[in-house]
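What follows is one structure encoded as structure tokens, with my remarks underneath.
Any read-out appearing in this document is the output of simple, stated calculations on the displayed coordinates, not a laboratory observation. What you see is a predicted model; the values in this text were computed from it and never measured. Virtual Cβ from ideal backbone geometry, glycine too; neighbours counted across all protein chains shown.
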Amino acid sequence: MNPEKPAEKDCESLIRSLRPCRVAVIGDVMLDRYVKGSVNRLSPEAPIQILEVRDEYQAPGGAANVAMKAVELGSTVQMVGLVGDDATGQELRALLATHPQLTDRLVVEAGRRTTEKTRFVAHNQQLLRVDRERRDGLSGTAIAQLAEAARAACAQADAVILEDYGKGVLAPEVIQAALDGAKQSGAPVVVDPNGRDYRRYAGSTVITPNVKEAELAAQQSITGPESLLEVGSKLVEQTGAALALTRDAEGISLFERDTAAGVMHTHVPTVPVAVYDVTGAGDAVAASLAIGLACGLPMRDACTVANMAGRAIVRQFGVGVLSISHLLREAHSEISESKTVDAAYARQRARDVQKAGGKVVFTNGCFDILHYGHAYLLQFARRQGDLLILGLNSDASVSRNKGPSRPLVPEDQRSYMLSLYRFIDLIVFFDEDTPMNLIEAIRPDVLVKGGDYSPETVVGRELVESYGGKITICPRLEGLSTTDIVRKIRDER
């Protein structure tokens, strides 16, 4: 079977058909902590690296990250899960409370530890993960409260996601209550499964295991096309649900029951990308698949959208950010695939150039409305070395920096226009307010900024100078800025 890859404009039409939905997420929530810094030496006390901490932050994890992905795609979410009466649980609920589109229906169980995962990171590579959790069974009272909350949330939903991390929330009573509520509302049910027995998910719409999870549930290894079909068919027969088996760079193998032909297999291909971080990719697949089905997309088309969501996340560090713009970026990626790349690919290209004795140059900006000043800066930057990597603010990043009316030109169009400049070698998006993480990953030899900056105010200066790199300021051309152009147009009107 050699299915054709969906045409770009077809993918775009699928993405633009998505609309805000009411999503119920039922599952194991947790708090993700990140401790980031740099490693430049070994400890004199033991043969271990010393992490010099520069930043620490927290984010909703597990099923709570799935909920966040649905929120980022514009939907409203009711989050059903369990936390303990501890500081970690309070911190997680406070994070969720900052999102008005999300309703917290978390059950609090006295004496229980809220699941917490702490990742120690240097140069955007994980050094160590520390988990704090309890896996023992929930009390009968907690299960009853979860079942009641799940039934009520699913009865009001357009889509339901059951996110099972094996921490105990998705007890049989809770799953059945969620399915009963979904039956009442007519919502499709997407299951991100756990464990060996998928029969407890019978009655759901589609189950989304990865290869290892499917092999565990089917008690059979996948070694080729024949065993893949056997595993898929076995799990569909067990549950009656469709099976969207995620296979990383191979895309999704979709198995569906057909009354006449038995189990039908369709391969939904994807475009392989250099993986920056797989954290949260499965969560993005579940959220986008559920919203696609709620919006009436056929199962195969919803899987196509889910493929793009997974790709968008693995290009980013951590759980990443997902939006319609990210999906459109994936749909358009092949227009300029030799230029618009992920941070991992840019980092590898930079290392290759440096190993060959060349210099890597980095600059960044919004580049909202391209003008002569932009071209002048980029040509100047390219002359400083042998490879020019441009960090481009995403739409969300521009809005935070410039205000809600910006950008005037969406990110997919900005990246396409910039890719036409022959003096730009690579373009990498960043969602943060500053390109610091990108600079840390690429470690350029030369960091270039425009003349409205002084070397002391350039983000990343200390890092670049710490390993012998240099900061170069491009002379400023007066009267050339996007703001000036917009002002002139308004004055003319």
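Between Asp55 and Asp386, what is 0.36 nm times their sequence separation minus the Cα-Cα distance? Round to one decimal in nm. Working shown, then result.
On the way: separation 331, 0.36 × 331 = 119.16 nm, distance 3.16 nm.
Gain on extension, Asp55 to Asp386, equals 116.0 nm.
Which value, in debye to the nearest 20, describes the size of the charge dipole of the chain about its Cα centre when Lys and Arg Cβ atoms bear +1, Asp and Glu Cβ atoms bear -1, and nothing else is charged? It would help to have the intermediate numbers written out before the result.
Values: 56 positive and 64 negative charges, 173 e Å.
About 820 debye.
In nm, what is the difference between 0.36 nm times the number of residues separating Asp352 and Glu226 and their Cα-Cα distance?
Numbers: separation 126, 0.36 × 126 = 45.36 nm, distance 3.98 nm.
Extra length available between Asp352 and Glu226 comes to 41.4 nm.
When ranked by the protection proxy of mean other Cβ atoms within 10 Å per residue, highest first, what sequence do the peptides 153-163, 46-56, 424-434 form?
Details: 153-163: 25.8, 46-56: 11.6, 424-434: 20.1.
The most tightly packed comes first, giving 153-163, 424-434, 46-56.
If you take all C-alpha pairs in region 343-492, what percent of them are over 25 Å apart?
Details: 2767 of 11175 pairs.
Cα-Cα pairs in region 343-492 separated by more than 25 Å: 25 percent.
Using only the Cα atoms of the chain, what are the Rg and Dmax in Å?
Rg and Dmax of the chain, Cα atoms, are 24.1, 72 Å.
Would you order Ser415, Ser221 from fewest to most other beta-carbon atoms within 10 Å of each residue's own beta-carbon? Don't skip to the end; give the middle numbers.
Numbers: Ser415 23, Ser221 11.
Least to most surrounded, the residues fall as Ser221, Ser415.
Once you list every other residue whose beta carbon is under 10 Å from the beta carbon of Ile424, what net charge do they have if Lys and Arg are +1 and Asp and Glu are -1?
Details: positive: Lys339, Arg382, Arg422; negative: Asp425.
Here the count lands on +2.
What net charge is computed for the residues neighbouring Ala142, neighbours being all others with C-beta under 9 Å from the C-beta of Ala142, Lys and Arg scored +1, Asp and Glu -1? Could the numbers behind the result be given before it?
On the way: positive: Arg112; negative: Glu109.
Around Ala142, the surrounding residues sum to 0.
Which one of Ile424, Ala147, Gln78 is farthest out on the positive end of the charge dipole of the chain, using unit charges on Cβ (Lys, Arg +1; Asp, Glu -1) and the Cα centre as origin?
The one lying farthest along the dipole's positive direction is Ile424.
Taking θ = phi - 60°, what integer Hz values does the Karplus form 6.51 cos²θ - 1.76 cosθ + 1.60 yield along region 228-245, in sequence order, with x for Gly and Pro?
4, 5, 5, 5, x, 5, 4, 6, 5, 5, 5, 10, x, 8, 5, 10, 9, 8
I'd like to compare 57-64, 105-112: which one has the highest average count of other Cβ atoms within 10 Å, and what's the full order after that? List each step's numbers first, then the result.
Details: 57-64: 22.1, 105-112: 17.6.
Descending packing order for the listed peptides: 57-64, 105-112.
Between Glu462 and Lys212, what is 0.36 nm times their sequence separation minus the Cα-Cα distance? Round to one decimal in nm. Kindly include the intermediate steps, with their values, before the conclusion.
Values: separation 250, 0.36 × 250 = 90.00 nm, distance 4.33 nm.
Gain in length upon complete extension: 85.7 nm.
Could you work out the relative contact order of region 343-492, using alpha carbon pairs under 8 angstrom and six or more residues apart, expressed as a whole percent? Display every interim value, and only then the final one.
Numbers: 232 pairs, mean separation 40.4, N = 150.
Computed value for region 343-492: 27 percent relative contact order.
Which of Cys11, Cys303, Cys295 comes first, and how do the rest follow, when ranked by fewest Cβ neighbours within 10 Å? Walk me through the numbers on the way to the answer.
Values: Cys11 23, Cys303 28, Cys295 18.
Ranking Cys11, Cys303, Cys295 by Cβ neighbours within 10 Å, fewest first, gives Cys295, Cys11, Cys303.
Under unit Cβ charges (Lys, Arg +1; Asp, Glu -1), what dipole magnitude, rounded to 20 debye, does region 343-492 have relative to its Cα centre? Spell out each step's value before the answer.
Values: 20 positive and 20 negative charges, 79 e Å.
Computed charge dipole of region 343-492: roughly 380 debye.
Got a sec to turn the phi values of region 200-211 into Karplus ³J(HN,Hα) couplings, 6.51 cos²θ - 1.76 cosθ + 1.60 with θ = phi - 60°, whole Hz, x for Gly and Pro?
Each residue of region 200-211 in turn: 6, 9, 4, x, 7, 8, 8, 10, 10, x, 8, 4 Hz.
Within the set of other residues whose C-beta is less than 11 Å from the C-beta of Gly240, count the net charge using Lys and Arg as +1 and Asp and Glu as -1. Don't jump to the answer; show the numbers that get you there.
On the way: positive: Arg199, Arg257; negative: Glu237, Glu256.
Taking every Cβ under 11 Å from that of Gly240, the sum is 0.
So for region 85-230, taking the charge dipole from beta-carbon charges (+1 Lys/Arg, -1 Asp/Glu), which of Gln220, Thr103, Val121 sits furthest toward the positive end?
It is Val121.
Beyond a 19 Å Cα-Cα separation, which of these cross-linked pairs lie in this structure: Lys183/Lys234; Lys69/Lys339; Lys212/Lys234; Lys449/Lys470; Lys36/Lys470? Spell out each step's value before the answer.
Working: Lys183/Lys234 25 Å; Lys69/Lys339 27 Å; Lys212/Lys234 15 Å; Lys449/Lys470 11 Å; Lys36/Lys470 24 Å.
Going by Cα-Cα distance, Lys183/Lys234; Lys69/Lys339; Lys36/Lys470 fall outside the 19 Å limit.
Name the long-range amide H neighbours of Asp164: under 5 Å, sequence gap of 5 or more, or other chain; modelled H, no Pro or chain starts.
Correct list: Asp192.
I'd like the Karplus ³J(HN,Hα) series for region 291-307: coefficients 6.51, -1.76, 1.60, θ = phi - 60°, whole numbers in Hz, and an x wherever there's a Gly or Pro.
Each residue of region 291-307 in turn: 5, x, 5, 4, 8, x, 6, x, 4, 5, 5, 5, 5, 4, 4, 4, 4 Hz.
If amide H atoms are built 1.01 Å from N in the plane of the peptide, which residues on other chains or at least 5 residues away come under 5 Å of the amide H of Thr103?
When sequence neighbours closer than 5 places are left aside, the close amide H contacts are Val77, Gln78, Met79.
What is region 1-124 by shape, rounded, prolate or oblate, if you read a ≥ b ≥ c off the alpha carbon gyration tensor as root eigenvalues and call it rounded for a/c under 1.5, prolate for a/b larger than b/c, and oblate otherwise?
Values: a/c = 2.68, a/b = 1.28, b/c = 2.09.
It comes out oblate by the Cα gyration axes.
Given axes a ≥ b ≥ c from the Cα gyration tensor, I'd like to know whether region 107-226 is rounded (a/c under 1.5), prolate (a/b larger than b/c) or oblate. All intermediate terms of the calculation are to be shown ahead of the outcome.
On the way: a/c = 1.85, a/b = 1.14, b/c = 1.63.
It is oblate, given that a/c is not under 1.5 and a/b is not larger than b/c.
Report, to the nearest 10°, how far helix 140-155 tilts away from the longest principal axis of the Cα atoms in the chain, using its own Cα long axis and a range of 0 to 90°.
The helix 140-155 is inclined about 70 degrees to the chain.
What residues of region 132-149 lie in the reach of a label at Thr118, counting those whose backbone N is under 20 Å from a point 7 Å from the Cα along Cα→Cβ?
Hits in region 132-149 for Thr118 at 20 Å: 132-135.
So how far, in whole Å, is the C-alpha centre of region 179-208 from the one of region 54-69?
Region 179-208 and region 54-69 have Cα centres spaced 24 Å from each other.
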